[in-house]
Structures are given as structure tokens and as C-alpha cells.
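Step one of this worksheet: look at the structure below.
Here, each number is a calculation from the coordinates, and none is a lab measurement. Worth saying up front: this structure is predicted, and the values here are computed from it rather than measured. With ideal geometry, Cβ positions are generated from the backbone for all residues, glycine too; neighbour counts draw on all protein chains shown.
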Amino acid sequence: MVRAAIWLASALLAASAAACGSSGSSSSSSSSAQQPAASATITSGTTTGSSVRALSAEAQSAATGDIPDTQVFLTYRNPSAGYSISYPEGWTRKGSTSDATFSDKNNIVHIVIAKAGAPTTAGMAAELNHLKASNSTLTFTTPKTIQVKAGPAVKSTYITRSAPNQVTGKSVLLIVDRYELSSHGKRATVDLGTPKGVDNVDAYRMMINSFRWL
């Protein structure tokens, strides 16, 4: 799985470089992990509904290892926003109501609920292109329609690069699976972010399939 994530990162970065050449990314728990700079904003007025800011890693945060097979998961219930989802015990939870983030250093899960219609592949592509206009490091795969336990969803994978560490000059690539689901006029945007070289594929698949509308 690590090899697959690295291959995806390399492919997306190569595509980004080529494009540049032709024109001249209800339980709560707390931990000591540093809060990520992953707050989101929702803007309205687009034909696709909501636009949620892309996740970005922090170069000063140590890369977190894979979520182990023995990891205990808790259920976060959010009656106000109308959903529940499983998350790893010990992760920091930040935010509430319609905007929540779970994190363990640069392992980041971000969920935003907004009033919007059913997602479309074209709509997600437009949203990611809009984010790319203000974040030159962002590259993404073509959105596709898939099925998760909660119903139909639209998925894309995007990559963002953090600002360089002021001491080492190194930056962190964050690989994010974005899912959009809808029910009764509400849309959930779920971003599951992993630093390059970390394998959270199985755990994140379980998490997105644990998502339920209440």
C-alpha cells in the first residue's frame, strides 16, 4: 500500500510539472499532538454548492506512522450536523457542529457539512480547480462516482505540499482522498489526509464506510 501511495504521489506531481511546462493537494478525545493548520471555510454561490479548503500538512510536525491493525476506533456522533463516523482513539478532535477535524500530527481527517445538492464529478473537478488557483502545489485525479456504505459518493485524490520547514527547508506532501456524499439537501465533504510514505489505506477505507447520516 505504501508503494501505491508513493506511485500516486509521483504520478500527480509529474502531471503538475508537465502542466507548468506547457504554460511557461459522540465521543471526543484529546492528545498532545499539535493541531494541524487544516481549518476550513465554506463559500456559497457556486453552481456546485460548497467549496471546502484543501488540507495541508505542517512541515514542523513529525510524520505520524501507519494506523496499526490493532487500533481502537471510537464513534463520533454529531446530531446537530446529522452524521456519525468512526475515528481512531487518541486522536485530537477540533471544531464542532458542521466543521470537525480529527488529527494525529499530519494524519488528518476533516469533515464539513453544508447545505447543497447531490455532488457530481464535474462539480468536484470545478471545486478542486478553484482551490488549485490559489494553491499552486495542488494536483488531483479525475473525480469519479463510487459507492460507499452510506450510498453514492464522488471521490478524487489530491496532493498538497506544505510550506518548507524554516530550519531544515524540507516540506511535506499530503495525499488526501476527498469524498462527497449527500442526503436530504445536505452534503458531507470528507477529506482523509496521509503524509507521503504513510499507509492508512485500510483504516481510511473503514472510516469512510463507517460514515452514517443520522
Note to self: C-alpha centroids of region 150-214 and region 48-80 sit apart, in Å, by 7 Å
The extension gain from Q166 to A133, computed as 0.36 nm times the residue separation minus the Cα-Cα distance, is 9.4 nm
Too long for a 18 Å Cα-Cα cut-off, among K105/K196; K94/K196; K105/K170, are K94/K196
Magnitude of the Cβ-charge dipole (Lys and Arg +1, Asp and Glu -1) of region 74-179 about the Cα centre, nearest 20 debye, reported as 60 debye
Along principal axes, largest first, the alpha-carbon spread of region 113-201 in whole Å comes out as 49, 29, 22
With x for Gly and Pro, the residue-by-residue ³J(HN,Hα) of region 140-152, computed from phi through the Karplus equation 6.51 cos²θ - 1.76 cosθ + 1.60 at θ = phi - 60° and given in whole Hz, is 8, 7, 5, x, 9, 8, 9, 10, 10, 4, 7, x, x
Distance in nm between A62 and S84 label points, each 7 Å along Cα→Cβ, equals 3.5 nm
For region 89-95, in residue order, the Karplus 3J(HN,Hα) values (coefficients 6.51, -1.76, 1.60; θ = phi - 60°; whole Hz; Gly and Pro = x) are 4, x, 6, 6, 10, 10, x
